[in-house]
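Asks: Quick one: the structure is below, and I'll ask about it shortly.
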Amino acid sequence: MKNLTWSNDDYQRFLMELKSLSDQKYRERAVKIVPTDYNILGIAMSELKKIGKEISRGNPDAFLKVVGTENYEVVIIQAYVLSNMKLPLSEFQTYCDDYLAKSNSWATCDMVIHFKQVQRFMPDFLVKIKEYLKSDNPWLQRSGLVFLLKFYNTAEYRAEIVELARKIESDNYYVQMGQAWLYAVVFPHDQDRIYQVIKDDTQSKVAKLTVRKIKSLRHTTEAEKEMLTSLL
C-alpha cells in the first residue's frame, strides 16, 4: 500500500482487500461494544494499525483525500495514518477536524490518544481543544477530553484541564465517561483536587462514574476506595 497513488481504482481495491480480511467472530464482538452507525467488517485493531502504518510510509496525504466512511475500519485506519504523519499545526488541525467529523462512537473518539503530534504544539492546540469542548457535538466533546487526559495531564496543565472538564454539562453518557476518565487519570497526581470535584456535586452521574472509575484502577488503595465511597 505504500506504493499506491490512491486513485479511485486504488481505493476501491483497498476496500475489497479490507473486506477480505473480515472475521465474523471478531465482528460479532466488535458490534457488541462499539455502538456506531458504520458497518463493521470485523478486523483486529492490530491489523488496522499495521495497515495504517504501511499507508503512512507511502502517500498518506493522497490516501486522506480519498478515504471515506464505507465502514468503521476505514475510519480507524484514517486515524492510524494521521497519527504517523509529521505535519505543521495548521495541516494537522485540518486533518484532525476532518477525522473527527466522521467520529460517531467512543472508539473513534478515543483514537486521538495516538495523535502524538499534539506534543509539538501544546499551547496552540489547546485552543482547538477548547473549541471541541464547547461544541454541541458530544463526540467532539469526548475527543477533546481524551486529548486533555492523554497529553495535558502535566503539572503545567493539570489544574486547567480539570476546570475545563468541570465546565462541561452534558447528558451524554460517553461525554460523562470522558469526564470521569480525565478525573481518574489526574487522581494519582492531585487527589485533593479530584476529591473536591466529587464533593461539589456528589449526586451527579459524573461524580458516581468518577468514583467507580478510580476504584477500578489497580493502583487505588483500600483507604482511597473507602474515602471515595464516603463522598457519595
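The values are calculated or read from the model by the stated rules, or taken from the named source; none is laboratory data. Small disclaimer: the values here were computed from a predicted structure and weren't measured. All Cβ positions, glycine included, derive from the backbone under ideal geometry; neighbour counts span all protein chains shown. SASA here: full protein model, heavy atoms, side chains in, ligands and nucleic acids out. Shrake-Rupley method; radii C 1.70, N 1.55, O 1.52, S 1.80 Å.
Asks: May I ask you to compute the full-extension gain from Lys102 to Glu131, defined as 0.36 nm times their residue separation minus their alpha-carbon distance, rounded to one decimal in nm?
Replies: Working: separation 29, 0.36 × 29 = 10.44 nm, distance 1.68 nm.
That works out to 8.8 nm of additional length.
Asks: Size of the dipole of the chain about the Cα centre, Lys and Arg at +1 and Asp and Glu at -1 on the beta carbon, nothing else charged, in debye to 20?
Replies: Details: 33 positive and 30 negative charges, 109 e Å.
Computed about the Cα centre, the dipole is about 520 debye.
Asks: Let me ask another. Enumerate the calculated ³J(HN,Hα) couplings along region 47-52 in order (Karplus 6.51 cos²θ - 1.76 cosθ + 1.60, θ = phi - 60°), each rounded to whole Hz, writing x wherever the residue is Gly or Pro.
Replies: Working through the residues one at a time gives 6, 5, 5, 5, 5, x Hz.
Asks: Select from Trp106, Thr229, Ile129 the residue farthest towards the positive end of the dipole of the chain; place +1 on Cβ of Lys and Arg, -1 on Cβ of Asp and Glu, and compute about the Cα centre.
Replies: Thr229
Asks: Using a Förster distance of 35 Å, how high is the FRET efficiency between Val31 and Arg212, based on the Cβ-Cβ distance and rounded to 0.05?
Replies: Values: r = 25 Å, r/R0 = 0.72.
Step by step, r from the Cβ atoms, then E = 0.90.
Asks: Determine, for region 46-146, the count of lysine pairs separated by eight or more sequence positions (or lying on different chains) whose alpha-carbon distance falls under 23 Å.
Replies: Final tally of qualifying lysine pairs is 27.
Asks: Further, regarding this structure: Give the carbon-plus-sulfur fraction of the accessible surface of the chain in %, rounded to a whole number; probe 1.4 Å, heavy atoms of protein chains only.
Replies: On the way: 5700 of 11840 Å².
Ligands and nucleic acids excluded, carbon and sulfur reach 48 percent.
Asks: Here is a follow-up. Once both labels are modelled 7 Å past Cα along the beta-carbon direction, what's the Ser20-Ser204 spacing in nm?
Replies: Calculated label separation equals 5.1 nm.
Asks: Right, here's the next one. Applying the Karplus parametrisation 6.51 cos²θ - 1.76 cosθ + 1.60 with θ = phi - 60° to the phi angles of region 118-133, what ³J(HN,Hα) value in whole Hz is obtained for each residue in order, glycine and proline being reported as x?
Replies: Each residue of region 118-133 in turn: 3, 5, 7, 9, 4, x, 5, 6, 4, 4, 5, 4, 4, 5, 4, 5 Hz.
Asks: Would you please state which residues of region 129-143 a label at Leu89 would reach in this model, taking the label point 7 Å out along Cα→Cβ and a backbone N cut-off of under 17 Å?
Replies: Residues 129-132 fall inside that zone.
Asks: What's the magnitude of the charge dipole for region 118-232 around its Cα centre, counting Lys and Arg as +1 and Asp and Glu as -1 at the beta-carbon? Answer in Debye, nearest 20.
Replies: On the way: 18 positive and 15 negative charges, 69 e Å.
It comes to approximately 320 debye.
Asks: Amide H of Asn39: which non-local residues (sequence gap of 5 or more, or other chain) have their own amide H closer than 5 Å, using H built in the peptide plane?
Replies: Those lying under 5 Å, H to H, from Asn39 are Tyr72.
Asks: Still on this structure: Determine ³J(HN,Hα), in whole Hz, for all residues of region 75-90 in sequence, where each value follows from phi through the Karplus function 6.51 cos²θ - 1.76 cosθ + 1.60 and θ = phi - 60°; x replaces Gly and Pro.
Replies: My calculation for region 75-90 gives 5, 5, 4, 4, 5, 5, 4, 4, 5, 9, 9, 9, 9, x, 3, 4 Hz in order.
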